[in-house]
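The values are calculated or read from the model by the stated rules, or taken from the named source; none is laboratory data. The model shown is predicted, which means the values in this text are computed figures rather than measured ones. Note: ideal-geometry Cβ built from the backbone for every residue, glycine included; neighbour counts use all protein chains shown. When the accessible area is computed, the model is the full protein with side chains, heavy atoms only, and any ligands, DNA or RNA have been set aside. Shrake-Rupley method; radii C 1.70, N 1.55, O 1.52, S 1.80 Å.
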Amino acid sequence: MVKAVFVQILAILLAFVTGAIVLSLTGYSPTLAYSAMYRGAFGNMYSIGQTLAKATPITFTALAFLFAFKSGLFNIGAEGQLIIGAMASAVVGISFNGLPAPAHIALALLAGAVAGGLWGFIPAFLRAKYGAHEVITTMMLSYVAIYLTSYMVNYPLKAPGWVAQTVPIPESARLPRILSPSQLSASLYLVVLLVVLTEYVLRRTVLGFELRATGLNPDAAENAGINVNRGMILALVISGAIAGLGGSGEILGVHRRFIDGFSPGYGWDGLAVALVGGLNPVGAFFAAILFGALRSGGMVMTRVTGVPLDIVFLLQALVILFVAAPKMIRTLLKRSGLKWLGS
Amino acid sequence: MVSAVVMRGVTKTFPGVVANDHVDFSAETGEIHGLLGENGAGKTVLMSILYGLYRFDEGAIIIDGEEVEVDSPSTAMRLGIGMVHQHFMLVPSLTVAENIILGREPIKNGVFLDTERMLRDVGEFCDKYRLDVDLEAPVHTLSVGVQQRVEILKALYRGADVLILDEPTAVLTPQEVDELFKAIRALREEGKTVIFISHKLREVLAICDRVTVLKKGRVVGTVDASETDQGRLAEMMVGREVVYTFDKDYCEAGEPVLVVEGLEALDDRNLQALRGVELEVCASEILGIAGVEGNGQTELIETLMGLRKPTAGKILLNDSEITTLPPGERIRAGISHVPEDRHKRGIVSDFSVMENLILGSHRNTEFTQWGQVLDLAKASSYSDKLIEDYSIDTPSKKTLARNLSGGNQQRLVVAREFSREPKLIIAAQPTRGLDVGATEYVRRKLLEMRDQGCAVLLLSADLDEIWAISDRIAVIYEGRIVATRDPKETSEQELGLLMAGGRDD
Amino acid sequence: MVGIIDIINVGLFAAALRMATPIAYASLGGIFSERVGVMNIGLEGMMLLSAFTGVAVTYYTANPWLGVLGAVLVGGLMGFFHALLTVKFSGDQVVSGAGINLFAMGFTAYMSQVLWGSRGASESVSGLKPISIPILKDLPVIGPILGTHTPLVYIMLLTVVLSYILLFRTPLGLRIRAVGEHPTAADTAGIDVHRVKYICVTLSGMFAGLGGAFMSLGHLSLFTYGMTGGRGFIAMAAMIFGKWMPVGAFGASLLFGFSDALQMRLQSLGLLPPQIILTIPYVLTVAVLSGVVGRAKAPSDYKPYEKG
Amino acid sequence: MSSNNTLYGGIVVALIIGVAVGWVIYPTMNPGPTEEMVSKALYDGVVADLAAAEAELDELKAPKKVGLVLATGGLGDKSFNDISYAGCQKAKDELGVDFDYVETTAISEYEGYQRDFAMSGEYMLIICIGFDQAEGLAIVADEYPDQNFVLIDMVVGNPNVASLTFRANEGSYLIGVVAGMMSETGTIGFIGGMEDPLILDFYRGYEAGAIWANPAVTVAPAVWVGGWADPVTGKELTTAQIELGIDSVYSAAGKSGLGALEAAHDAGVNAFGVDLCQCYLYDEVVASMTKRVDQAVFEMILDALVDKFQGGFYSGGIAEGWIGMCRLPEEEGLWEELFGFEHDPLPADVLAKVKEARDGILSGDILVPSGYD
């Protein structure tokens, strides 16, 4: 276990070193860039808030990915489930005026979870019933979600004005902000709760036991009287609901309305984060903070040093690629003589 | 004269296991050489090394007098070594001819596959060895016996002078075995060397010229088949006299527990696998089902467990119908199942021993709080008890099941299934891949369960096992129970005939 | 006003062919990869990187053909890298592909800022000029549709045919099919399974590279950020729709290209909003996978093959 | 499991330490990250280079600075973002005012960047490009009442924000005149990025100008790419329009517009650019509507520099010199110098008509319809 985490950390370091090489080659100072990035990520309360704010949605999608993964399913469509959840929350947010705040928020969150879950149900059902591979269907449904919501904010739900967005949701549906003026919202509490809950459900409950058994060996699970299809559907629905909640959090806490294209690819980030976090809810949370720090730190870095923000995406990609093949890191370690780590 | 194959001092270790320990082996040109040993004795590993699938840790391979390095199957083929695996290595969607020429394709115009030459060449080959198959049929449409023929042709086409057959008879009917033996002898006439891997004494004596016996990775000895007999070989194989008849007390059978009426089901390819199975297993009785693999045994178990939907018929457990119940309900109704492939259906290898022990009973109120949360404390003490009672050799109950030896994994499955207080136990190949000690243990446990009043349905490919512990023997052939016999009143010849589809009169 | 009849013209079909070209290239790439059991969701990123490389090389050499060469090489390199991660180091195929996609986004944006001082778009370069096929272009109807295109369109048509021949008429094709369906059988038949996988996944990247080069040098003559716009994923859809057969995938690409070309013209009529039309390929793919429109089963199980 | 917990515990502690240290040291920007909280291998170098880094950072903190938050899509659109950047560059060259800029990739980033600039307190003026920044700016400007902002293309009510809008319909009117008079097929077209009033404003002016100059001309309905960064679709969409008979393409579609211009180039029909002179791109680009964001930005920086910055609403058209057309005699030289090329002369009658239109707009005789009505 310690070794596994060491390999993860090494992969991250390798990515940073590679990033430093790219920076140097293109005429920037890696030290300057990285120090600015660090300050931007953890420099003060505001930047910590920003880091957490950026980490929040990707923790949701990472949990979504993870929950399905533990049940043997590859849900790479968290992006679509998040967007659909966001849209549902926005719709509930703007259509119920005059509700008391807690009820309104709860209703909007519920709508997000239900919509996300529904978006997860479709590929789950198709997998269970027709054997359609969920990697493809979830990915395809993500695009459907993107275009569908884009249509909605461009036509039926479009707010007057120039931006493809809905009207703002009323105060009563807004999640309170934390560490103002950062964009961090109470959605963070929700995600921390979900991290704990996911870990608990997977480890300690009958449901988690059955899902993990299904994920590890569906034939044995079936033989042990576990309803594999039901489990699969349930897993993807819960996975989708978690992603949907992430979308709700963004809408109710950060943007306060649905804006076309508000997600810069949280779904893909979630996959990466789940992986970098060693496929463990707590680990994923820390990995999400790393990615959030990269994002928020990257913004300061680009302002102060003029290094293009895209180096951040490059770094993320490198982290993923290095983490994707632990065997590669191990081989590298072996070659460099660090045998005990390579084994 | 130079030996066709010599392997000298071959050693191969896998993590935790020495599969071959300084093995010396040689086969002469034009002989049929038996390689005999129990499951896990290292026969297949040794031959996989010869065929280039594994690399030995130390040792030497000498082919026709020259030391060679066999680093891949293609090298082996170049050296004239061919192998027919237990699990066929055929690509299902390709045709027979394509499978045979795969890797040695005839080429025309520099780049294209020469289909005509392919069919012509392969056709000539079939004629030469008098092995008849439809060259243009996709392999997945062929029967097992024909597929095996294709495998042999494949090896010969590649110019094999040494042909390794890994347990070739396991999936064949006695009649098909006869055909195979004819073909093998024909190969010997052609001057080929055949290495025949088996754990069946009778077969080895029937076909082989010489026999090399392996035990726990070591060579026990090589003997001429004409100068030995079953008893002596068996002693070499297991290191002591083998008890052919199991000590068992007679037990009075009780009321029928499981009743199956006219059961029909389809296999994975939607072909009829069960064609009206009629079956009755009583309390305090072991009913053994004998049959050649692939006659519906797997489908029967799956249908009984609720893993496969029957297309017709009824299943009754203690007089109540369970035909449409899902697997979970059946487990709760009192059916336990020791699956034929423990890695596929028996254990979750990345689960801990404890998790595996409660798998299937995890929903019992005994292990849960408020119905949905696992009570780890109770599961833990329950596991301790089972580990103790069934002598499962594991460092701790938190050890992953994958780290246990095969025998202990099987003990784990048996412990879990037998301690649920079942009314019916379905045991499929319960001793496959186990050493003698573990085998005896499992058989004893089955008898114990029977004595406690449990109904046991035993399916095994090993006729000896069926013979040893069954109170009644039923024979399955092409999805039907064709006969039921009392083991005391039948002979192996009769059963063999029945298993091969001979009529019951 | 423009009527529905006006938009069904030869231009529509020519446009459909142009829009189908990058999708067809990438879906051929997908076929080769998936036929040997490697899922390649990195096609999108490979296309993007190649589109960038094509323009960058052309920018410095002023020769678009060198640009195409560069694009193919970079595509092949990314394919090789994907194979390295997934075949040699048993990395997860989905993760590696996603990583390549992200890498391509970050790298192209970063490098275009370094090269052209803008993350948005490159300078215009001299792209590939359309050529006319002498006799073909004078035929009625077919002439205007097929007669004049950039060479990469014709190369695509050729590639579809060659891919079919390669897969079903050559020894390598036989081996490719065997490796994907039953790697152990192929291994015991003396085929170097890993080598075949390397060849095919690298080839997959090279095809995606051609698709990228077509977009930035054939269709346009500049690179812009994210210009592939999800066509790599549509290509996967086309591949599935075409049941992993080159000609089928080409047909599906044409269908998707046609629906795109049609929606542009339908705008003049204002029948359906573009967002709804854009969902067509995705919905269609889900339907195909679910057996609603024909049945699709992958030719392999996407598992890394490890020798004993 | 236990080693697992210890490890996460360790990570938590390390993170907390890291955050705490980072927080404490921030005000003094000294002495930088310590070894405990981040990997030694990586940060050894950081510590070593910190002195140099500090020097460089100080250098970056020039006294008078402007911050520029560009619209999504970023530089290289040969249009909107580029010209805003040019305005800041001009201020740097002529006024010695330094500037930092950021390119954004998603709407969700605006607010963060705006606040980041404002919070640093280093900038006398923060310029936000693009109507979609209004939402975030309304919040941030509220939080930093002493910080001055400029918002382009949209209005917000905060007193510390100068909201600049451009009457692009006036320039588009002039483009319409040229397109209408030079059309041979009698049908001219318009390609927009996404359907919104801002771009509709372009279309309305274009349509009116064309019909005013040539009542026989047909202006095809506007078509939309559906995005600002999809030149392939832009090109195909334009090709489709050309096949349907238009021989003039006026495109206001960001980078998608580059594809539209290329389509016109391939088909050899007249094209018209937007925001800054795009005529140097292809011979077929006859004229471009110029939206002098550079001019407006420069004026605002100048105001701020001499402490005369005033929040509020500013609207600029031809009269203010914020909107124009690159073929107007007063502008032509400027663009040709900037891009190092020469326009082909316009036919005399067309040029005369353009001047007539411009004078009509200036005098109020011509009322240009707007997309906001």
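In the set B:77, B:83, B:89, only one residue is modelled with pLDDT of 90 or more and either of a type in the set (A, V, I, L, M) or in the same structural domain as residue B:500 (by TED's automatic domain parsing) (or both); that residue is B:83. Restricting to the range B:77-113, name every residue that is more than 9 Å from every other protein chain (Cβ to nearest Cβ) and either in contact with a strand residue (DSSP E or B) (Cβ under 8 Å, 6 or more places away or on another chain) or buried (at least 20 other Cβ atoms within 10 Å of the Cβ) (or both). Answer for the range B:77-113, where residues must be more than 9 Å from every other protein chain (Cβ to nearest Cβ) and either in contact with a strand residue (DSSP E or B) (Cβ under 8 Å, 6 or more places away or on another chain) or buried (at least 20 other Cβ atoms within 10 Å of the Cβ) (or both): B:79, B:80, B:81, B:82, B:84, B:86, B:95, B:96, B:97, B:100. Could you go through the range B:434-457 and let me know if any residue there is assigned to a strand (DSSP E or B), farther than 30 Å from residue B:276 by Cα and either within 14 Å of chain A (Cβ to nearest Cβ) or out of contact with any strand residue (DSSP E or B) (no Cβ under 8 Å at 6 or more places or on another chain) (or both). Checked against the condition, which is being assigned to a strand (DSSP E or B), farther than 30 Å from residue B:276 by Cα and either within 14 Å of chain A (Cβ to nearest Cβ) or out of contact with any strand residue (DSSP E or B) (no Cβ under 8 Å at 6 or more places or on another chain) (or both), the range B:434-457 yields no hits at all.
Table: residues versus (1) touching a Cys at 6+ places or on another chain (Cβ under 8 Å); (2) aromatic (Phe, Trp, Tyr); (3) facing chain D (nearest Cβ under 9 Å); (4) open to solvent by 10 Å² or more (accessible area, probe 1.4 Å).
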site: C:227; (1), (2), (3), (4): no, no, yes, no
site: C:241; (1), (2), (3), (4): no, yes, no, yes
site: C:248; (1), (2), (3), (4): no, no, no, yes
site: C:252; (1), (2), (3), (4): no, no, no, no
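Residues of the range A:181-228 that are closer than 27 Å to residue A:52 by Cα, within 13 Å of chain B (Cβ to nearest Cβ) and not hydroxyl-bearing (Ser, Thr, Tyr): A:197, A:201, A:202, A:203. In the range D:300-318, the count of residues that are surrounded by fewer than 22 Cβ atoms within 10 Å (Cβ to Cβ), assigned to a helix (DSSP H, G or I) and assigned by TED's automatic domain parsing to the domain that holds residue D:249 is zero. Among residues of the range C:96-110 that are more than 17 Å from residue D:229 (Cα to Cα), those with a beta-carbon under 6 Å from a residue that is of a type in the set (A, V, I, L, M) and not in a helix (DSSP H, G or I) at least six positions away or on a different chain give the pairs C:97/C:41. Looking across the range D:358-373, just one residue is surrounded by fewer than 12 Cβ atoms within 10 Å (Cβ to Cβ), more than 25 Å from the chain's Cα centre (by Cα) and acidic (Asp, Glu), and that is D:365.
With the requirement that a residue be outside any helix (DSSP H, G or I) and open to solvent by less than 10 Å² (accessible area, probe 1.4 Å), what does the range A:184-196 give you? Hits for the range A:184-196 are A:184, A:185. Residue under question is residue C:219, and the condition is that it be in contact with a Pro (Cβ under 9 Å, 6 or more places away or on another chain) and within 26 Å of residue A:135 (Cβ to Cβ); does it hold? Here the answer is no, as residue C:219 does not meet what is asked. Here residue D:211 does not qualify as closer than 19 Å to residue D:290 by Cβ and of a type in the set (Val, Ile, Thr). Which one of these is farther than 20 Å from residue B:159 by Cβ and of a type in the set (D, E, K, R): B:31, B:58, B:66? Answer to the selection: B:58. Residues that are away from chain C (no Cβ under 14 Å) and either buried (at least 17 other Cβ atoms within 10 Å of the Cβ) or within 22 Å of residue A:116 (Cβ to Cβ) (or both) within the range A:140-166 comprise A:162, A:163, A:165, A:166, listed in sequence order.
Yes or no, residue by residue, for (1) touching a Pro at 6+ places or on another chain (Cβ under 7 Å); (2) crowded, with 24+ Cβ neighbours inside 10 Å:
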site	(1), (2)
A:21	no, no
A:31	no, no
A:54	no, yes
A:60	no, yes
A:72	yes, no
A:78	no, yes
A:84	no, yes
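Residues in the range B:471-480 that are hydrophobic (A, V, I, L, M, F, W, C) and surrounded by fewer than 21 Cβ atoms within 10 Å (Cβ to Cβ): there are none. Being over 16 Å from the mean Cα position of the chain (by Cα) and either within 11 Å of chain A (Cβ to nearest Cβ) or over 27 Å from residue A:55 (Cα atoms) (or both) is the filter here, so list the residues in the range D:114-137 that pass it. Of everything in the range D:114-137, those that are over 16 Å from the mean Cα position of the chain (by Cα) and either within 11 Å of chain A (Cβ to nearest Cβ) or over 27 Å from residue A:55 (Cα atoms) (or both) turn out to be D:115, D:116, D:117, D:118, D:119, D:120, D:122, D:123, D:124, D:125, D:135, D:136.
One line per residue, one yes/no per condition, for (1) more than 14 Å from chain C (Cβ to nearest Cβ); (2) in contact with a strand residue (DSSP E or B) (Cβ under 9 Å, 6 or more places away or on another chain); (3) among the small types (Gly, Ala, Ser):
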site: A:261; (1), (2), (3): no, no, yes
site: A:264; (1), (2), (3): no, no, no
site: A:271; (1), (2), (3): no, no, no
site: A:278; (1), (2), (3): no, no, yes
site: A:289; (1), (2), (3): yes, no, no
site: A:300; (1), (2), (3): yes, no, no
site: A:316; (1), (2), (3): no, no, no
site: A:330; (1), (2), (3): no, no, no
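Checked against the criterion of being more than 14 Å from chain B (Cβ to nearest Cβ) and modelled with pLDDT of 90 or more, the candidates A:231, A:246 yield just one match: A:246. Helices (runs of 4 or more DSSP H) fully within the range B:268-375 that include at least 3 residues being in contact with a helix residue (DSSP H, G or I) (Cβ under 7 Å, 6 or more places away or on another chain): B:353-358. Taking the criterion of being open to solvent by 10 Å² or more (accessible area, probe 1.4 Å) and over 18 Å from residue B:237 (Cβ atoms), the residues of the range B:188-208 that qualify are B:188, B:189, B:190, B:191, B:192.
So is residue A:279 in a loop (DSSP other than H, G, I, E, B), at pLDDT 85 or above and surrounded by fewer than 24 Cβ atoms within 10 Å (Cβ to Cβ) or not? Taking the combined requirement at face value, the residue satisfies it. Within the range B:140-158, restricting attention to residues that are closer than 11 Å to residue B:168 by Cα and open to solvent by less than 30 Å² (accessible area, probe 1.4 Å), the residue that is modelled with the lowest pLDDT is B:145. Restricting the search to strands (runs of 3 or more DSSP E) fully inside the range B:153-238 and requiring at least 3 residues that are over 20 Å from residue B:90 (Cα atoms) and among the charged types (D, E, K, R) gives an empty result. Given the structure, is residue A:74 outside any helix (DSSP H, G or I), out of contact with any Gly (no Cβ under 8 Å at 6 or more places or on another chain), modelled with pLDDT under 90 and of a type outside the set (D, E, K, R)? Yes. For the subset of the range B:55-72 comprising residues that are in contact (Cβ under 8 Å) with a residue 12 or more places away in the chain and more than 19 Å from residue B:11 (Cα to Cα), which member is most open to solvent (accessible area, probe 1.4 Å)? That would be B:64. The single residue among D:142, D:146, D:93 that is open to solvent by 30 Å² or more (accessible area, probe 1.4 Å) and within 23 Å of residue D:295 (Cα to Cα) turns out to be D:93. For the range B:351-372, the tally of residues that are modelled with pLDDT of 90 or more and either more than 30 Å from the chain's Cα centre (by Cα) or not β-branched (Val, Ile, Thr) (or both) stands at 7.
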